[in-house]
Amino acid sequence: MHISGRLIGLNQHVEIEVVEGVFSTITEIKENILDLQGICIAPPLIDIQVNGFAGYDLNSNDVEAADVHQMVKLLWKTGTGFCCPTVVTGSHQRMSRSIQAITTALLKDDTIRSSIIGIHVEGPYISSQDGPRGAHPKEHVRQPDWDEFQRWQDIAEGQIKILTLAPETEGAIALIEKLTESGVVVAIGHTSAEYQQIQDAIQAGATMSTHLGNGAHAQIRRHPNYIWDQLAADELYASFIVDGHHLPSSVVKSMFRAKGLERTVLVSDAVHLAGLQPGRYQFGNRDIELTSDQSVRLYGTDYLAGAAIELARGVENSVKFAKISLDQAFQLATVRPASVLGLENRIGSIQVGRNADYITFQWDKLESKINVLSTVIGGENRD
């Protein structure tokens, strides 16, 4: 099989040969030799924080493996080839059910297993304060519990790869040390931590900030504060939701520059309303509203409750808001998340000898729009 187009990352027009599901050769060609029709080739997008999509809610009380399967299949159509299904704060029983559904889905189906690169558990060991807690239910926020996490990891058969917590909670630092030792990526999020608490978390092994700039008080002191402190920490990757609602465009541009593109990661934080019509819906046991401009809020409040975009929209917005190139924006949704999980030698870039994982798309430079044409994993078309 041969594919031709502009290879994102190298900014070259190439012809790629795929043999038995592996990239065999990558050859630069002159653009005018072929009618390339504006085709671009890139690694599949990697979304390490996705709570649901197109009506499939990973955090519902009755979630099944089939819901996970369908969600992953629909994400393929958007160019997201790899993901970390995300389980948010809830009762032990509800979170266990979500973890079991995801685990069953990836163990039952090789195609799903190839796309799920780990489970992200966001909470329940987070701040109980309004603002930092975000849309997480206060009644289920609790102190870090290693035994509870181990029960979840047993259910997941070792597939929990990221845990987001607030380092100021009692016992958090000890938990970070244990998680890091066990190979789990620890992210700081939904926090009101002071500078030293953030530093203690980094020393214990935390390596990322989850959706930095969100899960925060509506008003905070100018400086110091927990947003600046995490931006300044060179040890931390930072993930951002670039949907036009969670962060204004000027903030996106400023934060990207402050953190540096080498430590910046795009996430969708999509909930099950992404891809649905505006209206009032249930999310867990809470009423939320999907507005006509695609923001998701706790009903009757200004509090955001996740996002309603796929990751490709975040790539587009990063080009528009931060004034970076398409190639740079793609790295934030491919190479960077792969690096967070230590998978940069397997996914996130197109190289000879690697599995033939790629997407093809057309790029409307004038409108900054990505039109996904195909998603291929291991040489097999997934769209």
**Report entry** Calculated from backbone phi, Karplus (6.51, -1.76, 1.60) coupling profile of the range 364-375 in Hz, x at Gly/Pro
**Finding:** 8, 5, 5, 9, 6, 10, 9, 10, 6, 9, 7, 10
Query - Estimated [θ] at 222 nm from DSSP helical runs (n ≥ 4, -39500 (n - 2.57)) normalised by residues in the chain, nearest 500 - result: -8000 deg cm²/dmol
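Report the equivalent ellipsoid semi-axes for the range 252-383 in whole Å, largest first, defined as the square roots of five times the eigenvalues of the gyration tensor built from alpha carbon atoms.
They are 29, 18, 16 Å, listed largest first.
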Report summary line: Simple spin-label estimate for GLN129/SER368, 7 Å along Cα→Cβ, in nm, reads 3.2
Report task. Would you mind working out the magnitude of the charge dipole of the range 166-269 relative to its Cα centre, with +1 at each Lys and Arg C-beta and -1 at each Asp and Glu C-beta, to the nearest 20 Debye? Result -> 460
Query raised in the report: Amide H to amide H, which residues 5 or more places from TYR237 or on other chains are under 5 Å from it, using H placed in the peptide plane?
Result: MET208, SER209
Report task. Give me the lysines in straight-line cross-link reach of LYS253: C-alpha distance below 28 Å, same-chain residues under 8 apart excluded. Result -> LYS320, LYS323, LYS365, LYS369
Requested in this report: Please report the orientation-averaged projected area of the range 44-344, defined via the convex hull of its C-alpha atoms, in nm².
Outcome: 13.4
Report summary line: Expressed in nanometres to one decimal, the distance between label points 7 Å along Cα→Cβ at ALA232 and GLU194 is 1.5
Requested in this report: Report, by chain and number, residues whose modeled amide H sits under 5 Å from the one on ALA305, excluding near sequence neighbours (fewer than 5 apart, same chain).
Outcome: VAL296, ARG297, LEU298
Requested in this report: Take every Cα-Cα pair in the range 166-215 and report what % of them are more than 12 Å apart.
Outcome: 57
Requested in this report: With +1 on each Lys and Arg Cβ and -1 on each Asp and Glu Cβ, and nothing else charged, work out how big the dipole of the chain is about its Cα centre, in Debye to the nearest 20.
Outcome: 660
Requested in this report: Kindly work out what percent of the DSSP beta bridges joining two residues of the chain are antiparallel, to the nearest 5.
Outcome: 60
Query raised in the report: What ³J(HN,Hα) values, in whole Hz, does the Karplus curve 6.51 cos²θ - 1.76 cosθ + 1.60 give for the range 204-216 when θ = phi - 60°, with x put for Gly and Pro?
Result: 7, x, 5, 10, 8, 10, 8, 5, 4, x, 10, x, 9
Report summary line: Rounded to one decimal in nm, the spacing of the 7 Å Cα→Cβ label points at GLU17 and ARG354 is 2.0
Query raised in the report: In nm, what is the difference between 0.36 nm times the number of residues separating SER182 and VAL251 and their Cα-Cα distance?
Result: 21.3 nm
Report summary line: Whole-percent tail of the Cα-Cα distance distribution for the range 306-383, cut at 17 Å, equals 53
**Report entry** With Cα atoms, 0 to 90° folded angle of helix 311-322 axis to the chain main axis
**Finding:** 90
Report summary line: So the angle from the long Cα axis of helix 65-77 to the longest Cα principal axis of the chain, reported in degrees to the nearest 10, equals 50
**Report entry** Amide H contacts of VAL87 (H built 1.01 Å from N, under 5 Å, at least 5 apart or other chain)
**Finding:** HIS120, VAL121, GLU122
Requested in this report: Give me the number: length gained by fully extending GLN143 to ASP110, i.e. 0.36 nm times residue separation minus the C-alpha to C-alpha distance, one decimal in nm.
Outcome: 8.3 nm
Query raised in the report: Any idea what the dipole of the range 274-319 comes to, in debye rounded to 20, about its Cα centre with Lys/Arg Cβ at +1 and Asp/Glu Cβ at -1?
Result: 120
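No value in this document is a laboratory result; all are computed from the given coordinates. These figures come from a predicted structure and were not determined experimentally. Cβ atoms come from the backbone with ideal geometry, glycine included; neighbour counts cover every protein chain shown.
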